[in-house]
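In what follows, a structure is listed as structure tokens, so that the remarks can point back to it.
The values are calculated or read from the model by the stated rules, or taken from the named source; none is laboratory data. Quick caveat: nothing in here was measured; it's all calculated off a predicted structure. Every residue, glycine among them, receives a Cβ derived from its backbone with ideal geometry; neighbour counts consider all protein chains shown. The protein model used for the area step is the full one, side chains on, heavy atoms only, and it has no ligands, DNA or RNA in it. Shrake-Rupley method; radii C 1.70, N 1.55, O 1.52, S 1.80 Å.
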Amino acid sequence: MAGWHLPASVLTDSGFMSTVLATRCPHCQTYFRVTPQQLSLRDGMVRCGACRKIFNGEVYVFERTELTEPQERTHTEDSATGRMTLIDFGSLRATAAPSESSMQEELDALSKAIAELQSKPWSEPAPVGLSPANEEEETEHPSPGFVHEARQRKRLSRVWKVVLIGGIPLLLGALTAQLGYLFRNEIAARSPEAARYMRAVCRRVGCTITLPAQIEALSIESRHLQKLQDQDNYFELIILIRNIGTTSQAWPALDLQLNNATGQTEIRKIFMPSDFLKASEIRGGIPAASEREVRLRFELSGNPAHEFNIQIFYL
């Protein structure tokens, strides 16, 4: 750019004969008059006024001798993109007319062409489905910053939409599986059909399904401790346990406390369900809204107890 200069113009009857700088569009081969100052505005990047393609005007610069009128404009500024748009003056006139009316017609045509170019904002092609030639052109001439940001926002919006559409069902499924795992015992107790499938799943994943163990659903309705007549130091404990819950409950453990006359605990014994029930009875549990009697025989040695207390609990 520093070595370019314009020779002195020669005045003729028709106007000025001068050697001017021009650049040629590599896409449609249309040429345009330019000046070093014009090309330096955007680092040489211009847009062809004929085919609307973008190219580097500095690469295709050459000198040309032609007849020009004073004060004639050779480019217009694209308000939408900020790029300089070149106009093909060869398409506006075939030959230079010496008359004043012809000059006025050319100026009118030039004004009309500028108005048309300014009223048609430049638009970028769609970013998808580009051919290799378009991809090369896109790489050679970067898009404006706001176009790139708009594409980026659109791309991110599309990604988030896919994530939400696919992620919400996955989250709901994971939440359902977690709730089913936490309340698997209650679900199995309420629905025998569901219990069969849940046990099959638990065998694969390594979990177990047991009866619910809600101690607040159980209560001791009656209790009795008696000594066996035919056996020394042997006693029999008889209690009645009621399940007031709406589902079957697991059998609880028993806590027997024998107190002396002052109320202090002399003997304490813990009995697990396997100490007084068969395995099949333990698996069945205590049905909902029912009562079950428990009879338990055990041996005691030492001073006789003055009173006893029995409690149920879950480990």
For the range 218-233 the number of residues that are hydrophobic (A, V, I, L, M, F, W, C) and either assigned to a loop (DSSP other than H, G, I, E, B) or open to solvent by 60 Å² or more (accessible area, probe 1.4 Å) (or both) is 1
From the list Ala194, Ala188, Ala150, pick out the single residue that is at pLDDT below 90, farther than 21 Å from Ala250 by Cβ and small (Gly, Ala, Ser).
Ala150
Of (1) within 30 Å of Phe298 (Cβ to Cβ); (2) under 60 Å from the mean Cα position of the chain (by Cα), Arg223 satisfies every one except (2)
For the range 25-69, give me every one of the strands (runs of 3 or more DSSP E) that falls completely inside it and has 2 or more residues that are more than 19 Å from Ala113 (Cα to Cα) and modelled with pLDDT under 85.
61-68
Filter result for Ile215 (within 19 Å of Ser248 (Cα to Cα) and surrounded by fewer than 15 Cβ atoms within 10 Å (Cβ to Cβ)):
yes
Filter the range 256-315 for residues that are over 60 Å from the mean Cα position of the chain (by Cα) and of a type in the set (Phe, Trp, Tyr); the one that is most open to solvent (accessible area, probe 1.4 Å) is Phe308
Being basic (Lys, Arg) and loosely packed, with under 14 Cβ neighbours inside 10 Å is the filter here; which residues of the range 188-201 pass it?
Arg196
Quickly run through the range 202-212 and pick out the residues that are surrounded by 15 or more Cβ atoms within 10 Å (Cβ to Cβ) and either of a type in the set (Val, Ile, Thr) or more than 11 Å from Ile187 (Cβ to Cβ) (or both).
Cys202, Ile209, Leu211
Show the residue pairs that are 6+ apart or on different chains and have beta-carbon atoms under 6 Å apart, the first residue being within the range 174-189 and closer than 18 Å to Ile286 by Cβ, the second being outside any helix (DSSP H, G or I) and among the hydroxyl-bearing types (Ser, Thr, Tyr).
Asn185/Thr210; Ala189/Thr247; Ala189/Ser248
How many residues of the range 243-280 are within 18 Å of Arg297 (Cβ to Cβ) and either basic (Lys, Arg) or touching a helix residue (DSSP H, G or I) at 6+ places or on another chain (Cβ under 8 Å) (or both)? The answer is 8
Residue pairs, Cβ under 6 Å, 6 or more apart or interchain, first in the range 286-300 and touching a residue at least 40 places away in the same chain (Cβ under 8 Å), second aliphatic (A, V, I, L, M). List them.
Glu291/Leu240; Arg292/Ile241; Arg292/Ile286; Glu293/Leu240; Val294/Ile239; Arg295/Ile238; Leu296/Leu237
